[in-house]
Amino acid sequence: MDRANKIYSRIISALSSERCPVCAMLYQDEFDSLCRWAGKSGETYRDSEQRIHLVNAGGFCNYHFWQFQRISSHYGTANVCIVLLVKLIAVLNSVKHKHNLNILSAENVMKCPLCYELKQKEAGYLKELTNILEDDDIKPKYVSGCGACMPHFIRLMDYSDDELLLEFLFDTQITQIARIKSDAEGFIRKMNPSSRWEQTKAEKKSWLLAIEKIAGKNGV
């Protein structure tokens, strides 16, 4: 299966994931990539292209470094950090007489390779999603799901100038938000023990879908 068909199949599958389809795919991509980096973090892989790339980038951003730490062995994390610490010592020695730490600002030091990778994939997913939603047979599947989170909904606007599609996206977003709101209200209304058994499946997960719809996945 070529890359375009694979992305198409992943998006179609993600429409039924009960979360933003773009977030769902990026979440899996993020985990898969972290696992690959964790696997290359040991001393045996010191000269691997992936580890050299990570070191040259200055490591991960704050969020992805802590995610990396959760799945990497302590030895693997230590191995990577030793090289990064050596680089930091060299930089500090080079600027200590100038007392100028601009070179260590986040934008100059941290070029998180995983953030970059995910941004590239995100753009491809958004573009393909707009193409897919031009198919009237796919639209009901999108409407019945969670649909795009607000961050990705806003970014979708940059990938189409089709007025009919944009109107569909706006109307669907409003419908989906109203549905989640209604389910959340039912969830709260039936919160007492005597009524809790009346909560529907949709109401029980409404609080989670509300976060997903408003904010998207962590790090979006």
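Read the figures in this text as sums done on the coordinates, not as results from a lab. As the structure is a prediction and not an experimental result, all values here were calculated from the model. Cβ placement follows ideal geometry from the backbone for every residue including glycine, while neighbour counts extend to all protein chains displayed.
Details
- Scan of region 16-65 for residues that are assigned to a helix (DSSP H, G or I), of a type in the set (D, E) and either within 30 Å of A210 (Cβ to Cβ) or without any contact (Cβ under 8 Å) to a residue 24 or more places away in the chain (or both), ordered by number: D29, E30, D32, E49
- Any hit, region 170-190, residues being touching a Gly at 6+ places or on another chain (Cβ under 7 Å), of a type in the set (S, T, Y), under 27 Å from L26 (Cα atoms) and surrounded by 16 or more Cβ atoms within 10 Å (Cβ to Cβ): yes
- Extreme residue, farthest from the chain's Cα centre (by Cα), among residues of region 147-173 that are outside any helix (DSSP H, G or I) and under 27 Å from L208 (Cα atoms): G147
- Selected residue [loosely packed, with under 14 Cβ neighbours inside 10 Å and more than 24 Å from the chain's Cα centre (by Cα)] from K96, K6: K96
- Selection count, region 182-218, where residues are of a type outside the set (D, E), under 16 Å from C20 (Cα atoms) and assigned to a helix (DSSP H, G or I): 10
- For region 54-63, the condition holds for at least one residue, the condition being that it is over 24 Å from L156 (Cα atoms) and either touching a Gly at 6+ places or on another chain (Cβ under 6 Å) or among the charged types (D, E, K, R) (or both).
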